[in-house]
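A quick write-up on the structure given underneath.
The values are calculated or read from the model by the stated rules, or taken from the named source; none is laboratory data. Every value quoted in this text rests on a predicted model; they were computed, and no experiment measured them. All Cβ positions, glycine included, derive from the backbone under ideal geometry; neighbour counts span all protein chains shown. Surface accessibility is based on the protein's heavy atoms, side chains included, excluding ligands, DNA and RNA. Shrake-Rupley method; radii C 1.70, N 1.55, O 1.52, S 1.80 Å.
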Amino acid sequence: MEQRTEEWYSAKIGKVGASRLDAVCAKGQGVTRKNYMMELLIARLTGEYPESYISPEMQRGIDLETEASYAYENLTGNVVMQTGFILHPFIKDSGASPDGLIGIDGGLEIKCPNTATHLKYLMTDKIDTKYIYQMQWGMACTERQWWDFVSYDNRLPDKLKIYVQRFERDEDIIKFLTEEVEEFIKELNELQLKLEAL
């Protein structure tokens, strides 16, 4: 299925997505975790995917994703295969929507951030933990071995437009995320059962 279509949104209703693993793991910031749980609970009870605010910067990222994918292909020689929502192999209420799959072992996560953030990646090679979680969960869901993180900003000179960093599958992180997701979904299921019993 194509991403951001009605079918794609429908497949994701009430399921933990890779891009929100930071919220699932945010036990120290209980509000973030509770808000995400409530968002999924409402989606399950209404059968509707929640509408979320898209800032101009976020919309720019969506609009540039295809251009960034082509830039990545030109730089690396890798062919990017588009995909939709992929369910986790054994956690039925979770999945991932990779920005692309590469060969039989790879995947792709594309970000088109503001210029300051893009330059930070270029200068430090440091990627936010939430994106590392997102990519590792993508690997868990697709059973792949590596993921390329891409940051793209077409406002910069050609040699600075694209940043690529490869992340290998990390079983320790995946084990941690699996436990967190299973606990989160258990709590979500219990909340749903309580409400449905009223």
Which condition breaks for GLU2 when tested against (1) among the acidic types (Asp, Glu); (2) in a helix (DSSP H, G or I); (3) at pLDDT below 85; (4) under 22 Å from LYS92 (Cα atoms)? (2)
Give the number of residues within segment 98-107 that are more than 15 Å from the chain's Cα centre (by Cα) and not small (Gly, Ala, Ser). 3
Need the failing condition index for ALA68 against (1) in contact with a Gly (Cβ under 9 Å, 6 or more places away or on another chain); (2) part of a loop (DSSP other than H, G, I, E, B); (3) closer than 22 Å to GLN165 by Cβ, just the number. (2)
Which one of the conditions (1) acidic (Asp, Glu); (2) in contact with a Leu (Cβ under 8 Å, 6 or more places away or on another chain); (3) within 27 Å of MET37 (Cβ to Cβ) does ASP148 fail to meet, given that it meets all the rest? (3)
What's the total number of residues in segment 51-61 that are surrounded by 13 or more Cβ atoms within 10 Å (Cβ to Cβ) and under 29 Å from LEU195 (Cβ atoms)? 0
What about TYR121, is it out of contact with any helix residue (DSSP H, G or I) (no Cβ under 8 Å at 6 or more places or on another chain), hydroxyl-bearing (Ser, Thr, Tyr) and within 24 Å of GLU39 (Cα to Cα)? no
State whether the residues of segment 170-191 include one that is at pLDDT 95 or above, among the aromatic types (Phe, Trp, Tyr) and open to solvent by 10 Å² or more (accessible area, probe 1.4 Å). yes
Tell me, yes or no, whether segment 86-97 has at least one residue that is in a helix (DSSP H, G or I) and under 16 Å from the mean Cα position of the chain (by Cα). no
